[in-house]
Every structure is written in C-alpha cells, then in structure tokens.
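Peer 1: Got a structure for you, questions after.
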Amino acid sequence: MTRNLYALLVGIDEYVRPVSPLQGCVNDVTAIKEYLEGRVDSDGYQLHLRTLLNKDATREAIINGFRQHLCQAESEDVAFFYYAGHGSQEEAPQEYWTIEPDRLNETLVCYDSMSPGGWGLADKEIAKLIAEIAQKNPHITIIMDCCHSSSGTRGDIEADTAVRKAPIDRRKRPLESYIVSHLEAEQLLTERSLLKKTTGWNLPRAKHIFLAACRDRETAKEYTINGQRRGAFSYFLVDTLKKANGSLTYRDLFKRTHALVQSKVLAQSPQLEATELDDIEQPFLGGAIAQHQPYLTVSYHKEYQWVVDGGTVHGIPQPSGNETTLLALFPFDSSPEQMEKLSAAIGEAKVIAVMPHLSLVQISGIAALEPEMTFKAAIASLPLPPKGVVITGEPAGVELARTALLTISTRNQPWLYLREVATPEEAEFKLLARNGQYAITRPADDRPLVAPIQGYTEKNALQAIERLQHITRWTNIAELSSPATSSIPSDAVQIVIYQEGQELKAPQINLHYQLQNGRWKGPAFKLKLKNTSNQELFCALLDLTDSYAVIPELLETGGVWLKPGEEAWALGGANIYPTVREKLWQQGITQSQDILKLIVSTAEFDATLLRQNELDLPFFPERAVGRGRGTLNRLMKRVQSRDLRAVPEKEEFYDDWITSQIQITTVRPRP
C-alpha cells in the first residue's frame, strides 16, 4: 500500500513593514524541498508538497495549508509542517491569562501579520490546527526555525548573523480574531502549560514530534555558509539528513544538529520535544526516506557528459578551490568486498560540479571511455577545504598576522587549515587586531573565543594563527560526518549513557552538580557502546571539549573492535566525571559542554592521531599514519603534520565509515 507524505513548507524573507526582512528562509525551504523530492521513498510513499514563500505566506494561506493540505493525512500517512521566518510574541487577551502566566502568546509572523487588521499565528491556533490533523492519527512532524523574545531586539541583516525574531506585538488583539476559543485552548493546552517546554511554544497533547531552532530565551540565528545565507539550525539539520543513509531516528538527527549548531553559533540550543518520549526513537518522517545504495553509479549523460547519480540531496559537497570529492571507479559487476580495495579500482573520478540530484565528474585512469560504459563508484575522499578568516583592525597587527598566515617558520609553506577572505560572509572566524592585542572571534561579534594575545610582534601574530589552526582542527573533527555511500547503518553502534544505574534517554543530556553537606558535588556517568549491526566494526570515541581539546582515550588504545551484539564500556566501565572548573566557576561560568563523537569504521585506524590539547599547550609530536588517503586518514595527517606526505603502504583501502555524536552539558549553579 502506498502511503502519503503531505508537506507544508513556509519560508518568509520579505515582510510587510515594520517587520525587518531576513535572507535565508527561502533558501532553507528550497533545501528541504529538494531533499524531500530527492530522498523520499517513491516506492512506498507519494509526496504531496505545498510551498508558501514570502507574499504567498499570509496568515490565511498558512491556515488553509493546514486544513486543506495537511488534514488529508490518514492514519498510515505523514503530515510535515516546516516554517522558516520570524517568530514573535503578542499580548494575550485576558481570557488566556490562566494558561499564559506571562500574558504573552508565542506567534509565527506571517507575511501580513503586521499589516492593518493582520495578526500572527498564535501557538494556541497552531495547537488547534495540529489537533485537527491528529484526528486521523497520522505521523506528525513540526519543525520551526524561528524564535521569540521579550526583548524585541532585531538582527542586523548586514552583519554576518541575523536573528529570526520580531518585536512583541503590543496591539490589543480581539478575541474573535483567533481561530480557537479560549475554552478550547484551555482544553488543548492546560496540562502542558503547567510545565512549559524549553522551546516556549505551547503545543497540544495531540501526538506529534517537534524540533525547534532554540530555547525560549535564545535566538535563532542566520549566517552565511558557502556564500549562501541560511538558518544555522536548518542548515545543519538538512546537512545531517542528506549525509545519512536512509532515515535517522529523531534522536540521532537531533544529536548531530544540536552539537554542530552549538559549535558554530553562540547562544543557540536546538530543542526536541515529543508528546510521547519514546517517539523520538522513530525514524524521521516515519521512515519515508529511502535507503542509499552502498555505492554510486557513474554513467554518460547526453547533456552533462559524465555524471554520478549523487548530488547535494545525497550529501555530495560542493568543490572548494582544489578540494573536491574523489570517487574510486569499479567495474559495474564488482562485489562490495572487491570495492573495498584500491587495487580493484580501474579509475578515478573527480567531482567538478554538484547539482541537486547529480554531479558532474571528470574521469581519469581509463584509457578508452565509451558513452555506453557504466561504473560503480565509492567515495574515496571528501573535501577538507580551509576555513576562511577575515583579518581586520589596526594596520600594524593586521600586517603581521597576514605574514604569519602565509608562512610557516622558515619553510614558507601555506597553512593547510586557513585562508584569508575579504568579507565576514565568507569567513568562519575573525582575527581582530584592536587596542594592541589579537582576539579570535566569530565574524558576527567581537566576543573572544579564547584569551586575547597582548602586543603586535611576529611571535604573537604566529601564536594567533596557531590558535586559529587549533580551533579549526577541532571544528573539522566536530563537522566530520558520514560519507554518502556508507553501507553501515546510522544506528549500527549505539551510545548508551547511564547515571546512577539508570539509562538517560532524553535527547539532551544535562548533568548537574548537587549541593551536599554545604559543598557542590560534581556529576558522574557511565557510557557504553553496543554493536547492533550484523558485522564487526571498529569504534573510536572522541571527547571534544569546549576548550578545543580532543581526547581519544575514553576507549583503551583509542579504539575497539566490536563483533555483532558485543558491547564496550568507556574507561573500562568506570565513572566519567565532567566538570566545570573551579577557576572558571569563580569567574561566573556555570556550564561546560562536551561533544562525544563516535566514529565507526570497517577498518581499524589510529584515533590517537586526532588528539590535541587545550589551547596554548604544546603540540604532540608527529606520528605516522598507517593507512591510505581517505577522508579520515587525510584528516589525521593534517592534525599532526603541516605537510601532506605520501605514506608507503602494502595495500590501500577505501574504508567504509560513519559518525554520530552527542552533546553533554554540565551545570554547576552559583550560590
């Protein structure tokens, strides 16, 4: 039986004044639309899309989209609502005060919400619309990349980061303008309003899963990536979906998205809610996403010539300078086992352009190419492009920093991880020379990521560049994600966390200090890996700290082989003690964050090569890498060496691997 997936996608960049415009919402909708069109399982699901952009996304059109489109979903179907735009708040009529103690409704800002006679779509109205869909019991997913805040601050769209929130609407809204009565709203929301969710959105008891861009006290950011304006939450959510083989569970989708957003932008923590907690273990969109083949196909296209049947929606990244995706080509009748060895490859293809559903390639190593030929292809290497840094400020400091960036000691070798760019829109980091000191910041603001360096000297300029290198290496490891052709299931190895003997199943792991006998006692937890697949896999577990350290010693010798059904405990089953350091705590810092990144591979590798200390400590000495030129190996070489050198090997392998990660926040309250 064919099921139906009804999707309502809303993106608003252009608003009726005085609401400030945005720049990335339409891009976000385009990306999720292309993903659905390219990845929904056409054998089992019929996709029904309704897209509302800018002036078409009026309050009436969105309500009709719920009632006329999403409400068609039956019990075996999926209803999906995605919104990218401004969120806000409005003064709630007195009749709603019993369920809104702050006397404010959360709202989606429609295109015409601030026009005369126009209103936002309040959370109580969204609750009613979701409840109407739920009457037929379909699988319901809601994603909102917006925020709301009582401050009413607007994002500066000319800066690198803009904020998706509009000022509070202080107009007196008449009760009859709502599509839900206050009595009906109380019935829908009373039980959930007693303990308001971290998102701040009051949604109904009707069964659904909700992903939000941030907490209620935070803002949803826009920023520029690969020259395109995007919502930070939407970008990393779709990026995670594209790089997964088939459907991730909501928990796994959230874990990587949450960790990457927090590593990229300040003060934004995506949230995951479900009316029934166990539902977060379901696959995204109820399993409507098709599985990847464990290989790609290269063939001749009459318009584009040689192409591979993978594009942006399949996780193939765009080329960046000299960095691009390399494919190993094999005869079309090759078995998976034959495709693991470099010696079986008959040629190589370099990706030269990426489109939504296919990519153009340039083939080498095959003497007589004929249009009738078809090849199987496996990803041999993914691009690791240098991160952009904008250097700005006082001329004396800027000139020294530029010289340090271009050279290494006396060898005059270019840095592998960094390149200078001209504008904040192209940059990942900013090196600011101001008041006689160097500060490393994000392009959007001047808050230092690490301690400033005092004085403009060649030595200090080099130290500033070394710190940027250090942060960039950490970022590359945090961003490392599964290749598009991986045959390893995304849930092949599970991370299970226990505290005081109880498994922690919440999508966000928050561990708190406890006050005992007048002293703060730090939390402890244990961590277990379990191989749920039917093949033996090598596992490495990295701790990426918020001081930019990478620690690979949670598993003995940096990694462990797990047979099907086998388990392994971090630190041999001993407690792990996350901390908020006393020195930082005394300075008013009450939280620390660790990303636990799991790398799973069909071949053993030395994860200790990824180790790096906290900033300002000496580098570990260079060590040899024992395998080929795949993405993992290139990354490990780059961590320890500023020269990409060939390593002699008996046999090179294109290892199959995947990644997953979870973020742990440790909270030490102030008295």
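Just so it is clear, none of the values below were taken in a lab; they were calculated from the coordinates. All values derive from a computational prediction rather than experimental measurement.
Peer 1: Assuming 0.890 mPa s and 25 °C, estimate D for the stretch 488-534 with Stokes-Einstein, Rh taken as the Kirkwood radius over Cα pairs, in µm²/s.
Peer 2: Using the Kirkwood radius from Cα pairs, D works out to 192 µm²/s.
Peer 1: Which ³J(HN,Hα) values in Hz, rounded to whole numbers, follow from the phi angles of the stretch 277-282 under the Karplus curve 6.51 cos²θ - 1.76 cosθ + 1.60, where θ = phi - 60° and Gly and Pro get x?
Peer 2: Ordered by residue, 3J(HN,Hα) equals 4, 5, 5, 6, 8, 6 Hz.
Peer 1: In percent, what relative contact order does the stretch 229-281 have, based on Cα pairs under 8 Å that are 6 or more apart in sequence?
Peer 2: Relative contact order comes out at 35 percent.
Peer 1: I would also like to ask the following. Output the Kirkwood hydrodynamic radius of the stretch 31-119, Cα pairs only, in Å rounded to one decimal.
Peer 2: Result for the stretch 31-119, one decimal place: 15.6 Å.
Peer 1: Taking H placed 1.01 Å from N in the peptide plane, check which residues at least 5 places from His86 or on another chain put their amide H under 5 Å from its amide H.
Peer 2: Val109
Peer 1: Now a separate question. Amide H of Gln437 versus every other amide H placed in the peptide plane: which residues, excluding those fewer than 5 positions away on the same chain, fall under 5 Å?
Peer 2: Gly455
Peer 1: So what is the orientation-averaged projected area of the stretch 335-451, using the convex hull of its C-alpha atoms, in nm²?
Peer 2: Quarter of the Cα hull surface area: 12.5 nm².
Peer 1: Let me ask something else about it. If the viscosity is 1.002 mPa s and the temperature 20 °C, what Stokes-Einstein diffusion coefficient in µm²/s follows for the stretch 387-479 when Rh is the Kirkwood radius over Cα pairs?
Peer 2: Details: Rh = 13.0 Å.
After rounding, the answer is 165 µm²/s.
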